[in-house]
1. Quick check on segment 187-208. Is at least one of its residues at pLDDT 75 or above and within 26 Å of residue 103 (Cα to Cα)?
2. Would you point out which residue out of 82, 133, 113 is more than 30 Å from residue 29 (Cα to Cα) and surrounded by 20 or more Cβ atoms within 10 Å (Cβ to Cβ)?
3. Kindly evaluate residue 127 against the criterion of being outside any strand (DSSP E or B) and within 19 Å of residue 142 (Cβ to Cβ).
4. Among the residues of segment 168-177, is there at least one that is free of Cβ contacts under 8 Å to residues at least 24 places away in the same chain and either in the same structural domain as residue 54 (by TED's automatic domain parsing) or buried (at least 20 other Cβ atoms within 10 Å of the Cβ) (or both)?
5. So is residue 106 over 21 Å from residue 146 (Cβ atoms), without any contact (Cβ under 8 Å) to a residue 60 or more places away in the chain and within 26 Å of the chain's Cα centre (by Cα) or not?
6. Among the candidates 107, 139, which residue alone is within 26 Å of residue 80 (Cα to Cα), in a helix (DSSP H, G or I), at pLDDT 95 or above and not assigned by TED's automatic domain parsing to the domain that holds residue 76?
């Protein structure tokens, strides 16, 4: 029995002319455009652990039908059709990748379809341009696709003058300054390697404040360098309490100050707020202590002068 989509479906599940001798469909997939795509729970469950969990939940009756209903919303209907067809026959045409590559990447990540995710990572990576590289980079980070992230980072590095003129880059500067900082640091690291600069592992132990890389190469494995992380924390903390950012000579003070004012996440970070408040409080207490000390010294000096003056009169 051939597996076909509904009449309104733009993509047939038997597009590759493959027939499956299966029982009648027992799952109904609903898209954003209210398109209905029939499918078999056995096929879906064998490919996606996420769909397996959905299928195993208590069945909801849809319009008097006994079929299990699964809603896949937020992406074009045709992209969902291509996705479902891939679960039956693992193939995607170049035209489909061109049209729905980013949507298929998101679906493959959400529903944990590893084979499709690998195919999309490669396919989307081959279609990176200056206009879409920022959007693809953000999606790659959300979908945990490190190879695609690296490809986007390298593309931005080599085409930075073109990329920074795009609307995507301007949007990034306004709404995600820390991703912008990550990109700039990646470029800085890449250029440092190109020119033979000292990396984190080979830097000097003393006097290396300005020569240190802000983020070292150990970030690749997700662990990072403890010294570099502490340096960044100190720089951010300093910028949060510094009241002379325009003239301050501490590296990145003004940059972190400007980005901190734009980024609400930094304000909403409770732990960070507590840390900044404590340091600011300590700074204020220190200033108050010094002020009291100076006042005491002035009073003591005045009392001493009065004592000497009185003693001279008596003599």
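1. No, segment 187-208 contains no residue that is at pLDDT 75 or above and within 26 Å of residue 103 (Cα to Cα).
2. Just a single option satisfies the conditions, and that option is 133.
3. On the way: outside any strand (DSSP E or B): yes; within 19 Å of residue 142 (Cβ to Cβ): yes.
Yes, satisfied.
4. No, every residue in segment 168-177 fails to be free of Cβ contacts under 8 Å to residues at least 24 places away in the same chain and either in the same structural domain as residue 54 (by TED's automatic domain parsing) or buried (at least 20 other Cβ atoms within 10 Å of the Cβ) (or both).
5. On the way: over 21 Å from residue 146 (Cβ atoms): no; without any contact (Cβ under 8 Å) to a residue 60 or more places away in the chain: yes; within 26 Å of the chain's Cα centre (by Cα): yes.
It is false that residue 106 is over 21 Å from residue 146 (Cβ atoms), without any contact (Cβ under 8 Å) to a residue 60 or more places away in the chain and within 26 Å of the chain's Cα centre (by Cα).
6. 139
The values are calculated or read from the model by the stated rules, or taken from the named source; none is laboratory data. Please read all numbers here as calculations on a predicted model, not as lab measurements. Here the Cβ is made from the backbone with ideal geometry for all residues, glycine too, and neighbour counts use every protein chain on show.
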